[in-house]
Ligand SMILES: C[S@@+](CC[C@H](N)C(=O)[O-])C[C@H]1O[C@@H](n2cnc3c(N)ncnc32)[C@H](O)[C@@H]1O
C-alpha cells in the first residue's frame with residue numbers, strides 16, 4: 001500500500017467477488033460483504049508470506065480469501081453455520097481451502113484458536129436484524145448498542161490473547177445511521193481497541209459509488225469507512241513522571257501497594273521498562289473515590305475497560321472488572337499510566 005492514509009476503491013473484480021449464487025443463499029443476501037481488493041493491501045503490508053491472518057468475524061471469507069491469495073495461512077471464527085459453509089465453498093472454488101482453519105462460534109467462547117500474526121476484519125454492525133433464529137453470540141442480534149459494544153470488546157479481548165507480540169489488529173468500520181440517529185460505532189470501537197492495543201493510525205477507504213446495500217434500519221452505505229490500525233505492543237510511559245506521581249500520592253496519604261513491573265524496574269532500572277504502574281488500592285469505596293478524584297483533578301482520564309468512569313464512584317457497578325486505569329497525556333505526548341487494582 002502506498003503511504004497514503006486513504007485508499008480509493010472503485011472496482012470490485014468479478015473474479016474475487018462473492019459469487020451470485022452464494023450471495024443468494026445467504027439470509028442477508030451478502031449484505032456488508034467487503035471486497036477482496038479492500039483487504040489485499042493490508043494483508044501485504046501487515047503480514048509476511050507464510051504467516052497467519054485471523055478474522056474473528058469471518059462472515060463471507062473475504063479476508064480469508066485475500067490472505068490465501070497472498071500466500072498467508074488463514075484462520076477465522078464465525079457464529080453462523082450457514083456462513084461457515086459459504087466460506088468453505090467460496091475458498092474451494094478458488095482452490096484455496098487448504099491452509100484455512102475455520103472455527104464455528106465466537107472466538108471469546110472457543111478454546112483452541114491457533115495463534116496468529118495479523119487480525120484483519122470488518123465488524124458486524126448494530127441494528128442489522130438477523131433474519132430467522134440467530135446463533136448464540138450473534139452480534140447482529142444485540143438488543144442494545146451498549147450490549148453490542150460489550151460483545152465487540154469480548155471478542156477483541158480474545159483477539160489480543162491470540163495475536164503475537166508486535167502484530168497488528170486492523171478493524172474496518174464506519175459510523176452508522178440508525179433511524180434518524182447517528183451512532184459513532186467507528187469511534188467507540190477505536191476507544192475499545194485503544195484499551196487493548198496501541199493505536200498506530202487510521203486510514204480511510206473511499207468508495208466513489210455508494211453501494212446499493214442500504215436499508216431503512218441501519219444505513220451503512222459504505223461511501224467511506226475507516227481502517228483502524230492498532231498494534232499489540234508495550235506502551236512507552238514517562239518513567240520519571242510516573243515515579244513522581246507515586247511519590248505525590250504517598251505524600252497525599254493515599255494508601256496503596258506498588259506491584260509488578262514498575263516495582264521491579266525501580267529495583268533494577270537496567271531491566272525492561274514497565275508499560276504502566278500497577279497499584280493495589282484500598283478497596284474502601286470512599287478512599288477509592290478520593291484517590292480517583294485526586295487523579296481526575298490532576299489531569300488523569302479514568303476508564304474501566306475503555307469506558308469512562310463517572311465520579312462519585314458507584315463501586316458496585318464495577319464489580320468483576322478488577323481495575324481502573326488512569327491515563328494522563330501531557331502536551332508533549334508523554335504518557336503516565338496507573339492501573340489501580342481494587343479486587344483480587
Ligand atoms: C461484516 S460481516 C464480516 C465479513 C467478513 N470479515 C468477511 O471478510 O467476509 C460480520 C460477521 O460477523 C458474524 N458475527 C457476529 N457476531 C459474531 C461473533 N460473536 N463471533 C463471530 N462471528 C460473529 C456475523 O455472522 C457476520 O457474518
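Each reported figure results from applying straightforward, stated rules to the coordinates on display, with no laboratory input. Since the structure is predicted, the reported quantities are computational estimates derived from the model, not experimental observations. Cβ sites come from the backbone with ideal geometry, for glycine too, and all protein chains shown count toward neighbours.
What's the extension gain from residue 332 to residue 111 if we count 0.36 nm per residue and subtract their Cα-Cα distance?
Taking 0.36 nm per residue and subtracting the Cα distance, the gain is 75.3 nm.
Among 35, 305, what is the fewest-to-most ranking by other Cβ atoms within 10 Å?
Least crowded to most crowded, the residues run 305, 35.
Quick one: if the Förster radius is 25 Å, what FRET efficiency do residue 129 and residue 206 give, using the C-beta to C-beta distance and rounding to 0.05?
The formula returns an efficiency of 0.35 here.
Multiply the residue separation of residue 243 and residue 144 by 0.36 nm, subtract the distance between their alpha-carbon atoms, and state the gained length in nm to one decimal. Before the final figure, lay out each step's value.
Numbers: separation 99, 0.36 × 99 = 35.64 nm, distance 4.17 nm.
Extra length from residue 243 to residue 144 when fully extended: 31.5 nm.
Please quote Rg/Rh for the chain to two decimal places, taking the Kirkwood radius as Rh and restricting both calculations to Cα atoms. Don't jump to the answer; show the numbers that get you there.
On the way: Rg = 22.0 Å, Rh = 21.8 Å.
Here the Rg-to-Rh quotient is 1.01.
Using Cα atoms only, what is the angle between the long axis of helix 36-46 and the major principal axis of the chain, expressed in degrees (0 to 90) to the nearest 10?
The helix 36-46 is inclined about 40 degrees to the chain.
On C-alpha positions alone, give me the angle between the axis of helix 285-297 and the longest principal axis of the chain, in degrees, nearest 10.
In the chain, helix 285-297 runs at an angle near 80 degrees to the longest axis.
If I fit a long axis through the Cα atoms of helix 185-196 and take the longest principal axis of the Cα atoms of the chain, what angle between them do I get, 0 to 90°, rounded to 10?
The angle comes out near 50 degrees.
Please arrange 47, 195 by counting, for each residue, the other beta carbons lying within 10 Å of its beta carbon, fewest first.
On the way: 47 22, 195 17.
Ascending Cβ contact count within 10 Å gives the list 195, 47.
Given the DSSP H assignment, sum -39500 (n - 2.57) over each helix run of at least 4 residues in the chain and divide by its residue total; what's the result at 222 nm in deg cm²/dmol, nearest 500?
My calculation for the chain gives -9000 deg cm²/dmol from helical runs alone.
What order do you get for 6-14, 54-62, 330-338 when each peptide is scored by the mean count of other beta carbon atoms within 10 Å, highest first?
For the peptides 6-14, 54-62, 330-338, the packing ranking is 54-62, 330-338, 6-14.
Roughly how many Å is it from the Cα centre of the range 279-344 to that of the range 1-40, as a whole number?
42 Å
If you take every DSSP beta bridge whose two residues both sit in the chain, what share of them, in percent to the nearest 5, is antiparallel?
Numbers: 35 of 59 bridges.
Of the beta bridges lying entirely in the chain, close to 60 percent run antiparallel.
Can you pull the one-decimal nm distance between simple spin-label points at residue 267 and residue 93, each 7 Å off the Cα toward Cβ?
It works out to 6.1 nm between the two label points.
How far apart, in nm, are the 7 Å Cα→Cβ label points at residue 344 and residue 321?
2.2 nm
Quick one: in the range 239-341, what % of C-alpha pairs are over 20 Å apart?
Beyond 20 Å sits 35 percent of the P(r) for the range 239-341.
Starting from 0.36 nm per residue, how many nanometres of slack lie between residue 298 and residue 257 once their C-alpha separation is accounted for?
12.7 nm
What is the spin-label model distance, in nm, from residue 21 to residue 160 if the labels are put 7 Å beyond Cα along the C-beta direction?
4.5 nm
Over the range 54-93, with a single point scatterer placed on each C-alpha, what log10 of the ratio I(q)/I(0) does the Debye formula yield at q = 0.15, 0.25, 0.26, 0.33 1/Å?
Values returned for q = 0.15, 0.25, 0.26, 0.33 Å⁻¹ are -0.28, -0.75, -0.81, -1.18.
Ranking 199, 172, 39 by Cβ neighbours within 10 Å, fewest first, what do you get?
199, 172, 39
Using only the C-alpha atoms of the range 29-85, find the volume of their convex hull and express it per residue in Å³.
So the per-residue hull volume is 75 Å³.
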